[in-house]
Every structure is written in structure tokens, then in C-alpha cells.
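Below is one structure; the comments refer to it alone.
The values are calculated or read from the model by the stated rules, or taken from the named source; none is laboratory data. Since the structure is predicted, the reported quantities are computational estimates derived from the model, not experimental observations. Don't worry about glycine lacking a Cβ; one is built from the backbone with ideal geometry, like all the others, and counts go over all protein chains shown. Keep in mind that these areas ignore ligands, DNA and RNA; they rest on the heavy atoms of the full protein, side chains included. Shrake-Rupley method; radii C 1.70, N 1.55, O 1.52, S 1.80 Å.
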Amino acid sequence: MDRECVSLLPSVCEVLADSGRSLPDDTSLEKLLDWFTGITKAEGSLLKACPCLLEFISTVGHSTALDPSVLSFALKLTGLLAATEDGFIKLQECSLLEQVFNLQHWQDAGLWEDPCLRIGWIHGLKNLLQCPKALSFFVQSDFIEPLLQLQTDSSLFVASAANQMLAHILLFFQPVSSAGYNAIDEKEEEEDGRTRTAITDLGTSTQYTAVVETITEYLKESLVPKGNRQLHQSLQILKLLALLLAQARPPLRDKLLQTVTDSLEELVTAGCSVLTLPLMDVILAAYSSSGTDERVPDQRVSRLLSSMLNINKPADLIHAAAAFLRRSRHHDAVHTARTVRILLLPLDIITGQTLLGTNTTAGEDWFSMIEQLKSKSSCVSVICVCLTNTPQIALKPSGVLPCSSALIITAVLSLLRICSGVSSSSSTGCSEVCRNVIGSGKVQKCALEALTALSSSPGAKEKISEVFTVLTQYLNSPDSDPTVLHKSYQALVKWISMCTDLSFMTDQLRQDLVEVVEKRVCDMRWEVRDSTVEFLGHLAGVRVLLKSADEEVCDASEALLGGSCTTPLLKEALQDTESYVRASAVSALAKTLAHSWQQGAALALEETEIVSRLLEILSQDTEGFARRAVVRYFISWFSSHSSHSPPSSSSLLMQCVRSALSHGSADLDWEVKVHTLELAELLLDEAFLGQRGYRKGSDARRALPHPYAVVSDQAYTLHTHSGALTEGGESDLAGALNSLVEQGAISALLSGLVDCDRPVGLKACRLLITLRETVCPLSIGASVARVSCELPGQGWGQEIRKVLGTKKSDQASEADIAAQRRLNGADEIHSEDCGETGEEGDSAIVSVCEVLRSLDLEEMLDVLTQSSDHIHNSPLSLLQDILTASAAHANPDTQTGQEVIVDCY
């Protein structure tokens, strides 16, 4: 621990123990506790380094006038100090454990009513019970009964903490069973971060057995609610049981099941809807864990599961079946088949499809489900649960499925038609049910999501024509809301990408789709326009096969909409009033034109006009979304350019790149600037890849990314020339560097280096280090050193010159500075001194190599990589803030608005 922190800690403890000097910011206590926890994990005992903590705990333990937050902090800290064996023994010798955790003391003082104190007591005991010896103290102090009472505390936070505490006691101290505990369990515990404690002491083992008996009997007696008031208690106990059964080893797991099975069966029979899902959580936790040692699931658990899958309430039955399908890890054909039939029944009823065979109406489930579906709210809820699970059902083996996967897709399509009012069910007596889903946006969205996922199921290809027709109808419907339209587009793209043979397409289907796209791209709602533009971009990225055209492979947009439709629509969308739509149009255009870029096709007049509009957006658009998209467009264009025809410096592409670097590096949006640096990185790759010493960005050693750093969603690959440095290599290197200067890449990197946004500076610094290692080795001659760039007199140029000036003044006392500069070959600087800031507004011409050598890029990278927290949120800063805030709080002369706020982190 830092010495200065140790010296301040006694004063901090004095402040915390003084009832008249409360803190303005309670979060400082949590920060302190986090710090102490870290020290305990790293160094062991806190008491050796900070003996003042003992006095603090003793003082607080006798006080009843302190703020409850300070008392809670002291309870948690006491448990933390006693978590190690040495700390536990020391605190016991001082009788501080009995003093601090004395429940009666806090109750008599009237402080127990504060939930802050109760949760501190629980967390403190949980910390304490990390020490195996602490179980005896816990049992002898009779803490188990109050802990059980807190399990149903009025405060949800306290109740949850008590639940976690009870689980910790049972799981942490459970004995190792040779029959049910093996190396696999040990590995899982190590990966989960749990600690296994084997009880070897006979007395401790006896105490643990008594604790287990007390807790399990409490669970058994309290599990079944005696009235509405005890419903909350049953919920809490079910949560605890689910937690225990998921992690318990065989001795404890068997004991729990033996004790609570009868109560669980009683709960199942009671049919309380509120408890259905928590009850399934318990049963499935036991069901999954009972088979982990390669035994068959416990028969008691299987019986409970069968009962849950045969309860009389249809809504509860649906939720239970969905829970089993989602969480079961066993290949249980019987229960899985039952679950599938339950979840398909509502779709069978409402659509009239024979999903369950011809004898569906023979069972009681059918009649009770009909009654359930006649209620609109219940119908919508049940149908949505079923739809959510249909993709998983469709993937089940044929022995489990009562019908084909294709018929499930047909049922979902029928439901979509019913929802839109196009058709109704043909089954007798279902018209009332059908009315409940007509126009239901919630059902439509769930059905479209299910349809999207069903595209990968067996038998999907034979349904694509019908899917295409239904989705086109939805896109054309005037009643479809923006979200429904968006999901319809998503489903259409997914099905096209999964079934790439579009030979089924008729001219009428193509014409219908073209008309609906042209209609929706002009919709009054910007969300619809945006979804339509996104759809066009997604289509351009899907390659499909047209058998009718000699098996020609082309973009889906060309196959479905025709080549003359997409680009004009997207070009028009660049003028949209909504920035999201403009940004989507730019991205869609990049995807649409990518194939022609890769083929090296000449630019059409329309594409030239598009480029002019894009540069206009980059320089004038008021919203960052569109500007970011434009820079990414040029990144995609440049990286897609054919290696057989590298762009010349006078080409439209390179002119655009220069403009993008110029505008992008001066943008106010930090993401635009980072994307601009990505474009500059591509230029560096093009210029130097293959040169000695050059490392591509993906190959360079990088620090961990900043939490809000931009990460490209596309990997760009350049096809560039390679080769080692030869006699003419130096001139080639100088020419490449000079080209980068002319293109504006060097200016973009230098301006990014001094940018106020850290991700921008970080990326620029890394790229500059790579550039320096490539062009500034001592072996490089004067031709490279003569390459110069301009530093503007204001803005980033002035900042760079200030940095250089500071660096020069720091080195001015070195006697060999002139010799070193000559050795480095940097005697060719066209300004009087690159370290002088000069007159404001005057630019300076400087050697690129000299600038790269003079900037201490490694030091800058180190600073940029560090978070500001290492300065402002250090433990020392925290302790100083507590003392300062307390002094200001206690000073009666402190004026309003001048309070000291403790740092938050």
C-alpha cells in the first residue's frame, strides 16, 4: 500500500467515526470498500498495513449516533477484515466480531429499521464467511434465524442479499462427495470463480449439518403459501432453491430434493399462476443438474416436470412449456414431444393448419385453449410465446415433431395473412379467436421475427415463393406501421440470402416489389424511408443465382429490382431531410457500387454526380451520421479498388480521398475523425506495405482499446506491391512519403495527434509511430529527410509547433544536440526552427522526418493509453477528497455552491 495513503488513513477513520462530520457523498464509502477489497485480494491482511482500522471498528461498534451508511460500511469492512484466518483470529481476540454483529445492539438502538444497516449486516457476514473458521461463530451467535427472516424482507435489496447469503453458506461449506464431485466439477468451479471449501473438522461438519437441517426445514414449511401475504415468501424461497439446485453437489442436492419434493408437488397442484415460472426454474435447475454426472434425471424431478406440463391453465401451460424448451439440456424425447405439441396447439387452432394431426380436438387441451384464446389480451400473449419458440421447434428431429417444418412455416404465413385481414381461419368455431389478432402489431412483429428465423429450417426453400408473396403484401399494405415494415424487409433479405436460387421469380413478383420499394422510399414517415434505403443496401450485398440467365450470378438488387432502379433511388435519398436516411443512403450506395469498383469499371456520369454530393455532405451536412457514412464510403471505395489498376494521383478517387482527409480531419465529430484516420491508414498501407520496417496496422502491437473507441465493422484488404529496399528503394520511399504529404495524410495524422478526443489522438499516435519506424531509420539517406510538410500557423499546426518548441527547450542544455541532429540527417529544415511557434498565422515548412523524430511519440502514446482515472480517481485522491470534503462540510463559513464534491469512479 502506498505510504502516503497509509499516513492519511488514520485521519480518514477519525472523520468517519465522528458523528458530527458526515460526508456529503456516501459513494466514497463504497469506493473505500472497493479499494480495501482489492488490497485484501492482492496483499492479504489489511490489519498489518492499517492497524488504525481496528480502532475505527471498535469506535463505530459502540456508537449509535453515526449515519447508517457509515455503520453499514463498518459492518462490511469488519467482515472483509475477518475473511482471512489471521484477521478472523485477531478480531475475535479483540471481541470485535461479537460487538459489531450484535443484532440486539442495533435493534435496541432503533437502527435495525434502516435497510442500509440490514444489508450491511448481511454483506459483512458474507465477507466473514469466506473464512472456514467463521462458521462456528455464525452458528454459536444464532444468526441463522434472523437471516431466514430477512429472506422475505420488505426491501427487495435486503431480501436478495439474504438469499445470496443463505446460498453462500450451503454451497461454500458443503462437503466433497467422491460419488458426485469430480475433476470436471472442480474445473467448472475454478472457471466460475467459486471457492470450494472441504470441511475436515468434525465439529464444523456437525455445525454445517445443523445449518442444513434448519434451512431445509424452513424451506419445506414455508414453500407453500398459506395466503396472499405469504406469496412473496414462496417467490423468494423458489429463487433460493433454483440457485441452490443449479450449483449443489450430490449430497446437498439430494438432501434438498428429499426435503422439498412434497412441497413442490403441492405447489404444482395448487396451480398458482404467479409461481409458474419460478417453479419451472426450480424444476429445471434440478432436472439439468441431476444429469450432470451422467445419471438419468431424478425420478422425483421427472414426475414434477410431467405435472407442470399437464397443468390445467392454458396460459401457465404455455409458459411452462416455453421454459422447458428454452432451458432443458437433456435429450428427453417424451417431455420434448409434449412441449412441442403444447406450443404448436394455439397456432393449430388459430390458423386451421393440422400441425398436430387430425385428432387434435380429442384432447381436453384443445377445448381449454380455445377458451383461453377468446380473450384478446390472453390470445396475443399466448400466440407471441408460441411464435417465439417456433424456430427452435422447427429444428427438432422428425421423431419429436408432429408435422413437417414446412407446415410450421405455412402456419406462420397463415397467421400473418389473418393479422392483416387478408384471410381468416377455416376451422369451425375459430372466428372469434381470429378477430383477436387482426391488426395486432405485436403479433405481426413476433410472426415476422419467427419467419426470419425459420429461413434456416428444413423445408424452407420450397416455401420461398409463398413467403415472398406474403412479405410483399405486407410491404404494400397501408396499415403496416414502420416497425412491421422494417421487420418485413429484414425477413425478405434473410430469406433471399438463404435461398439464393431466384428462378422462381416471375415478372409480376419483380414488378410488385419494384412498385412497393418506389412507393416506400417516398413515404411520409422517415423511419419507413430509412428502412427502405437500408433494404436496398442489404440486397446489394447478397449474391444470387438466376438459372433462367444461364446460371448467372449477380446482386440480389439487380435480380429483383433491375440495375436501373436502385442507384437512382439511393441518389435521390441523398437529398432526404432526415440525416438517418441520408446516412443509410450513403452506406447503401457503397454496397451497391462495390462490385463495379472491384471489377475496375469506369465511373458513369451518375456516379460522378454522386461523388460531388457526397463531398458536399462531408463539408456541409449538420449531422454527424451522414458525414461518418461518407468517410466510410471512401474507405470502401479505396480498399475495393482493383490491384491491377492502382489509382493515379489525378484520378477522381484520389481527388476525393484528398478532400475527405482535409474535411474529415477538421470535423467536429470524433467518429468522423477516427474514420478519417482509417482512410489515412489505408494510404500508408498502399504506400509502404512491403517496405522494410513497415508494419500494417493489424500487425502492429496495440494497447487495449478505449471503451468508446471506434472499431470498424469491416476488414479492409489492400492488394499492394511488395519488395525489399533496394538501391532505388530509398527514392521510392521518398516518393511515397512525398505522395502522402500531397494527399494530406501527414497533415491528418499530425492534426489527429493533438486532437482533444482521446481515441483520435490514440490512433494518430500509433500510425505516426509506424510511419516513423518506416521512413526515419538512421540508414535512410538525405532524400527521405528532405521531404517536407507545412505546419499551419493556427489550429493543429500551432499545437504541433508548441510541442516541438517545448521539446527543444528541454534539450537545449545538451551539448551534443547539433551533432545529433547532423547524425540523423535532419539538416534540411526550411523554417528557421521547427521548435519555434512563430508569429500567429504564419505557416512553417518542416522536414517530416525531423518532426517525427522530435515528437516523443512513445511518451504521448503512454499518456493517451492511460485513463484520466489514474490521476483523479486514485486511492490517494479519494482519501484527500474525504478529508477536504469533511473539513468544508464542518466549516460554518463555507458558502453555498462552494462544497467540495468527492470524486466518483
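Using label points projected 7 Å from each Cα along Cα→Cβ, tell me how many nm separate L231 and N312, to one decimal.
That separation, rounded to one decimal, is 1.9 nm.
What list of whole percents do you get for P(r) of the stretch 575-660, with Cα-Cα distances grouped in 5 Å bins up to the one holding the largest distance?
Spelled out per bin, shortest first, that is 3, 15, 27, 26, 17, 8, 3, 0.
Report the Stokes-Einstein translational diffusion coefficient (µm² s⁻¹, integer) for the stretch 1-120, Rh taken as the Kirkwood radius over Cα pairs, at 10 °C with viscosity 1.306 mPa s.
On the way: Rh = 14.6 Å.
Result for D is 109 µm²/s.
Counting only protein heavy atoms and a 1.4 Å probe, tell me what percentage of the stretch 340-416's accessible area is made up of carbon and sulfur. If you can, show how the numbers build up before the last one.
Details: 1440 of 2760 Å².
Within the stretch 340-416, the accessible surface is 52 percent carbon and sulfur.
Roll a 1.4 Å probe over the protein chains and send me the accessible area per residue for the stretch 435-560 in Å². If you can, show how the numbers build up before the last one.
Values: 5380 Å² over 126 residues.
So the stretch 435-560 comes to 43 Å² accessible per residue, rounded to a whole number.
Enumerate by residue number the GluC sites (Glu not before Pro) in the stretch 90-183 meeting two conditions: DSSP loop (anything except H, G, I, E, B), and at most 11 other Cβ atoms within 10 Å of the site's Cβ. Intermediate results must be reported in sequence, preceding the final value.
Details: sites: E93, E98, E113; in loops: E113.
Answer by residue number: E113.
Please identify the trypsin sites (Lys or Arg not before Pro) of the stretch 258-340 that satisfy two criteria: DSSP loop assignment and at most 15 other Cβ atoms within 10 Å. Which are they? Intermediate results must be reported in sequence, preceding the final value.
On the way: sites: R295, R300, R303, R326, R327, R329, R338; in loops: R295, R329.
When the trypsin sites (Lys or Arg not before Pro) of the stretch 258-340 are filtered for loop state and at most 15 Cβ neighbours within 10 Å, R295, R329 remain.
Run the accessible area of the stretch 221-272 with a 1.4 Å probe and give the carbon-and-sulfur part as a rounded percent.
Numbers: 1080 of 2280 Å².
The C+S portion of the solvent-accessible surface of the stretch 221-272 is 48 percent.
Report, to the nearest whole %, how much of the accessible area of the stretch 554-602 belongs to carbon and sulfur atoms, 1.4 Å probe, protein only.
On the way: 880 of 1880 Å².
Carbon and sulfur together cover 47 percent of it.
On a 1.4 Å probe surface of the protein chains, which of V863, V484, V139 comes out largest in accessible area, and what is the full order? Working shown, then result.
Numbers: V863 90, V484 0, V139 45 Å².
Greatest to least solvent exposure: V863, V139, V484.
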